[in-house]
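In what follows, a structure is listed as structure tokens, so that the remarks can point back to it.
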Amino acid sequence: MQLRDSRDVIVRAGMARDADRLAVLAQATFPLACPPGTLKADIEAHVARHLTAETFQAAAASAQARIFVAENTEGDLVGYTLIYLDEPTDPAVIEAITARPTSELSKCYVLPSCHGTPVARLLVQASIEEAARCGAAGMWLGVNGRNTRAQAFYRKMGFEPVGTRRFVVGGEVHADLVLERNYLGKLAKSGETK
């Protein structure tokens, strides 16, 4: 993968050696996506179960996953994405998405100091390009229904709402929107072929 520069940040493929730093970054950024009122204990339980160094090591070793990281000029990680190149298992997502084969933008987080900068855009663009290179016809993601800032960002990146799903954080069930970016666009949605 070719490196992408944007003044003071480089986006590159994440590797197993990044796992410890990714876990620290995930611990700092995941709470930002949770709606107000989410219990700290539920957030901590989710992070401890799903966002560990072992989680990122497994993703780096998987043929069906890709990690992208954004590094600043000091070499600090300031954001990351994690994508999966396999089909969803959640029935609500299976019913909602239109593009096959699909990919999932499972994680997209950046430090608050990088909000409003090109970091998230560069990470998502690298993720979209990699999924397309691997044969995906589209990409989907889940975003909390109350996280309007993230929803607006994803819409700017070409994702559109196609359904809803449940997402569990600790012991709390959240209502997520399912957004999709269909690489084939209106032709695929209308059922036409090239």
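The table that follows gives values for the structure above.
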item	result
Matching entry among Pro112, Pro101 (being at pLDDT below 95, farther than 11 Å from Glu180 by Cα and open to solvent by 50 Å² or more (accessible area, probe 1.4 Å))	Pro112
Looking only at the range 24-38, and only at residues there that are crowded, with 18+ Cβ neighbours inside 10 Å and part of a helix (DSSP H, G or I), the one that is modelled with the lowest pLDDT	Ala33
Residues of the range 76-106 classified as more than 17 Å from Met15 (Cα to Cα) and polar (S, T, N, Q), total	4
Which numbered condition Val162 misses (of (1) open to solvent by 30 Å² or more (accessible area, probe 1.4 Å); (2) within 25 Å of Ala45 (Cβ to Cβ))	(2)
Residue check, Asp90 in contact (Cβ under 8 Å) with a residue 24 or more places away in the chain and either closer than 21 Å to Gly163 by Cα or open to solvent by less than 40 Å² (accessible area, probe 1.4 Å) (or both)	yes
Qualifying residues in the range 8-23 (those that are assigned to a helix (DSSP H, G or I) and in contact (Cβ under 8 Å) with a residue 40 or more places away in the chain) - the one surrounded by the fewest Cβ atoms within 10 Å (Cβ to Cβ)	Ala16
Hits in the range 41-78 (condition: open to solvent by 20 Å² or more (accessible area, probe 1.4 Å), under 24 Å from Ala120 (Cβ atoms) and part of a loop (DSSP other than H, G, I, E, B))	Thr52, Ser62, Gln64, Thr73, Glu74, Gly75, Asp76
All positions within the range 110-136 that are among the aliphatic types (A, V, I, L, M) and within 27 Å of Ala175 (Cβ to Cβ)	Val110, Leu111, Ala120, Leu123, Val124, Ile128, Ala131, Ala136
Matching residues in the range 15-27 - criterion: being under 24 Å from Ala45 (Cβ atoms) and small (Gly, Ala, Ser)	Ala19, Ala23, Ala26
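The values are calculated or read from the model by the stated rules, or taken from the named source; none is laboratory data. Values in this document were obtained by computation on a predicted structure and should not be read as measured data. Glycine gets a Cβ as well: all are built from the backbone with ideal geometry, and neighbour counts include every protein chain shown. We work out accessible area using only protein heavy atoms, side chains counted, and drop any ligands, DNA or RNA first. Shrake-Rupley method; radii C 1.70, N 1.55, O 1.52, S 1.80 Å.
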